[in-house]
Amino acid sequence: MLVDRLLRQGAMTEIVGPLSSGRTSTLTLCLRAVTRRGGLAALVDVDHAFDPRSAAAAGVDLGRVLWVRAEGRRRSALEAVDLLARCPGFALVALDVGESPPRLPLAAAFRLRQAARRSGVALLVLGSRPVVGGAAALSVLTRRDRLAWAGPGPVPRRLVGMRSGLHVVRKQGAPWPAPVERLWWTA
Amino acid sequence: MVDGLSRLACVRVEGFAAAALERCEPALREQPLAAVTGAPPAMRVVEANARARAEGVRPGLPDAEAVVRCPSLVRRPASAEAEAAARHALLEACLAVSPRLEDAGPGLVHVALDGLHRLFGDDLEIGRRLRRRARAVGLDARVGIAAGRAAAGVAARVGPLVHVLAPGTERAALAPVPLATLEWPAGLAATFARWGLATLGDLAALPRAGVGARLGATGLAAHDLAAGVDRAPFRPWTPPPFWEEAQGLDWEIGTLPALVLVLERALERLCARLAAAHLVVDVLDVRLALASGGHHARTVSLAAPLVDVAPLSALLALELEAHPPPAPVTGVALSARAVPRRAAPGRLWHPPAPAPRDLAAVLARLALLVGGANVGTPVVVDSHRPDADTLAPFAGGGEADDGAAGPEADRAGDAEARTPAGSLAIRRLRPPRPVEVETRDGRPSRVRAAPALDAAVVTCAGPWRLSGHWWDTDAWARDEWDVELTDRTLWRLAHDRLTNSWALDAVYD
């Protein structure tokens, strides 16, 4: 299962990609898998960009999601993630740093990884550029492959979906089965 | 017979909302009184006392018509607080006669009489005692005694103030009671009238299965009532417990650490009592008696219910540190608003959840970091308005959906990995980013926004037309477009039809 390869208990995963590349859809996929198994997930949302309606439509059990809205306060968001990473019992702690990721010293990133390792929490960091660098056990770059539109004639009437590729940039441990994982997201 | 009980009394207070008001203002007993609800001129009568009922004032009557029927009518707004107090008072009055009673609704109590005859005498004497007890708390009750609640309930409505139906005579005693004496669900009374039924005996004479086939569950309940049959289990009422621990001090405490030590001892006693009853603290009230003669009260609302002394003590200390008592303390009282302890989520296939005390501490610190309004569980509001979502307090997920959890869920996930991964998620722009849009043939062709966005539209789909609340001042109407720009981003573009403005609402990601 893709989510099991992306998330590992006690390890940090980083997903990097530009807008419309599928990184938020990948986050939603992880939230869905964790909450459907009965686990609790925490999402620290720096830019207040999370959309509960589309997440619920994707199958996320919102009752098992703790949403922390940092309203642009990046330092507070990092402190919130640090708190959550030290709280055993969350199956997933996700940090969505949005389009203006904060600068995180390498020592702080490794401290975060150590906290996740002690508590057994799977830590997921999303952003438009890398934040935690070498502290992540897995770094993935998302890229959009293509869009699909539908409708009669030359004018499309409906967005059907998007295909994105997950490119593994760096991985500790066993190798990834394929260099690129293709994912299809339906609109 | 109900659950092995051979004799039951029904204690009934007619016009309970009015009786509760009379209890607060005894002078009203001598006048026709109606409890009313609603704002003028749409006020309606909720209940009326006996004098007002004798003048033709009935529940549901418009206020103006009630005054026409009874010009001396005194009207008072119905008070939920007064009713709750009167209901509790009636239950406690009955509890003084029998330890087994059932709260059947406002002004209605069922009392089990088994075992009381050697104490108080026969049924009639027990009925009189119940009436005296109710009168002592300011409520004029009627008492019906029979072998079941249905028959006792009817007996409490008709006949003498204490109406005893001898064992075995219930059905015969109920038979001549007119159907109009009782309150029936909407439509049922009309059906009975159409069938030509006038008394409970007429209804009881009909075959039960036939009544059930024609009228469903309400018909069966009516037939049982007419036949004096009682099928529901007896649900005993017990007075709510009082969770408080208090301690008077022989000395004055002027420092917080010493005060916390005293509070901690009181907390230990309180938590031990709660733990024995399988309850946890939801809200903790602390009341400090001060040397100055006053009181200092604080309330600690917990993010997650707890019964552990250490975190509760820490939270109390933090609260008192933020709001210290203005004078030395001479007495402490702690009271807890308790809730049932939730079953531990130790299911076989469920991952472990955070310990309640850890979660409570984390939630409190998160609230300090980003504000209490920014921490919680997302809740999708039932509305077509875009981005109509709110946050609810995080409860740790509650009970997981067993159907979704476990190895079956894992297998479902495996299947998903081989098929489309999932739904395309969107990222909201809060607030939406205003943009200038060029259109060609009514469709967006170029999007501009300061400072850095100037891109042509490669492909667009739409419009999706949405609107709502057109009936009030909060009206909204918009067209939504899915647009792909030349910088490879895919946006949801919204055109507000009321203000004729464009905005980037969300980005597909």
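For the subset of region A:49-86 comprising residues that are more than 7 Å from every other protein chain (Cβ to nearest Cβ), of a type in the set (Gly, Ala, Ser) and assigned to a loop (DSSP other than H, G, I, E, B), which member is surrounded by the most Cβ atoms within 10 Å (Cβ to Cβ)?
A:59
With the requirement that a residue be in a loop (DSSP other than H, G, I, E, B) and of a type in the set (Gly, Ala, Ser), what does region B:51-69 give you?
B:56, B:60 - these are the residues of region B:51-69 that are in a loop (DSSP other than H, G, I, E, B) and of a type in the set (Gly, Ala, Ser).
Return the residues of region A:8-21 that are at the interface with another protein chain (Cβ under 7 Å from one of its Cβ atoms) and either in contact with a Phe, Trp or Tyr (Cβ under 8 Å, 6 or more places away or on another chain) or modelled with pLDDT under 90 (or both); say none if nothing qualifies.
A:20
The rows are residues; the columns are (1) modelled with pLDDT of 90 or more; (2) among the hydroxyl-bearing types (Ser, Thr, Tyr).
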position: B:48; (1), (2): yes, no
position: B:65; (1), (2): yes, no
position: B:69; (1), (2): yes, no
position: B:72; (1), (2): yes, yes
position: B:79; (1), (2): no, yes
position: B:83; (1), (2): yes, no
position: B:86; (1), (2): yes, no
position: B:91; (1), (2): yes, no
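Output the residue which, of all residues in region B:261-290 that are in a strand (DSSP E or B) and β-branched (Val, Ile, Thr), is modelled with the highest pLDDT.
B:286
Given the criteria out of contact with any helix residue (DSSP H, G or I) (no Cβ under 8 Å at 6 or more places or on another chain), among the small types (Gly, Ala, Ser), in the same structural domain as residue B:106 (by TED's automatic domain parsing) and within 30 Å of residue B:150 (Cβ to Cβ), does residue B:80 qualify?
yes
Scan region B:469-486 for residues that are assigned to a strand (DSSP E or B) and out of contact with any Phe, Trp or Tyr (no Cβ under 6 Å at 6 or more places or on another chain) and jot them down.
Hits for region B:469-486 are B:476, B:477, B:478, B:479, B:481, B:482, B:484, B:485.
Looking at this structure, is residue A:40 at the interface with chain B (Cβ under 7 Å from one of its Cβ atoms) and touching a Phe, Trp or Tyr at 6+ places or on another chain (Cβ under 8 Å)?
Yes: the conditions hold for residue A:40.
Select from region B:355-366 the residues that are over 27 Å from the mean Cα position of the chain (by Cα), among the hydrophobic types (A, V, I, L, M, F, W, C) and in a helix (DSSP H, G or I) and write down the one among them that is farthest from the other protein chains (Cβ to nearest Cβ).
Only one residue tops the list, namely B:361.
Among the residues of region B:302-344, which ones are part of a helix (DSSP H, G or I) and either over 16 Å from residue B:245 (Cβ atoms) or out of contact with any helix residue (DSSP H, G or I) (no Cβ under 9 Å at 6 or more places or on another chain) (or both)?
B:310, B:311, B:314, B:315, B:317, B:318, B:319, B:320, B:321, B:322
Among the residues of region B:90-102, count how many are of a type in the set (Asp, Glu) and either free of Cβ contacts under 8 Å to residues at least 12 places away in the same chain or farther than 15 Å from residue B:143 by Cα (or both).
Within region B:90-102, residues that are of a type in the set (Asp, Glu) and either free of Cβ contacts under 8 Å to residues at least 12 places away in the same chain or farther than 15 Å from residue B:143 by Cα (or both) number 1.
Step by step: first the residues of region A:125-162, then only those that are in contact (Cβ under 8 Å) with a residue 60 or more places away in the chain and more than 23 Å from residue A:43 (Cα to Cα), then the one that is nearest to the chain's Cα centre (by Cα). Which residue is that?
Only one residue tops the list, namely A:144.
In region A:87-107, how many are at the interface with another protein chain (Cβ under 7 Å from one of its Cβ atoms) and outside any loop (DSSP other than H, G, I, E, B)?
The total comes to 2.
Only one residue in B:167, B:176, B:207 is loosely packed, with under 13 Cβ neighbours inside 10 Å and either of a type in the set (Lys, Arg) or within 23 Å of residue B:121 (Cα to Cα) (or both), so which one is that?
Result of the check over B:167, B:176, B:207: B:167.
Test of understanding: among B:371, B:294, which residue is over 30 Å from residue A:9 (Cβ atoms) and assigned by TED's automatic domain parsing to the domain that holds residue B:263?
Answer to the selection: B:294.
What pairs can you find where one residue is in region B:141-166 and in the same structural domain as residue B:229 (by TED's automatic domain parsing) and farther than 14 Å from residue B:131 by Cβ, the other is among the acidic types (Asp, Glu) and outside any helix (DSSP H, G or I), and their Cβ atoms are less than 6 Å apart, with a gap of 6+ or different chains?
Correct list of pairs: B:148/B:230; B:149/B:230; B:150/B:230.
Among (1) part of a strand (DSSP E or B); (2) outside the structural domain of residue B:334 (by TED's automatic domain parsing), where does residue B:233 come up short?
(1)
Hey, among A:185, A:176, which residue is in contact (Cβ under 8 Å) with a residue 60 or more places away in the chain and not in a strand (DSSP E or B)?
So the residue among A:185, A:176 that is in contact (Cβ under 8 Å) with a residue 60 or more places away in the chain and not in a strand (DSSP E or B) is A:176.
Show me the helices (runs of 4 or more DSSP H) entirely contained within region B:113-164 in which 2 or more residues are surrounded by 16 or more Cβ atoms within 10 Å (Cβ to Cβ), in contact with a helix residue (DSSP H, G or I) (Cβ under 9 Å, 6 or more places away or on another chain) and of a type outside the set (A, V, I, L, M).
So the answer is B:123-136.
The values are calculated or read from the model by the stated rules, or taken from the named source; none is laboratory data. Computed from a predicted structure; not experimentally measured. Quick reminder, even Gly has a Cβ in these numbers, built from the backbone with ideal geometry, and neighbours come from all protein chains shown.
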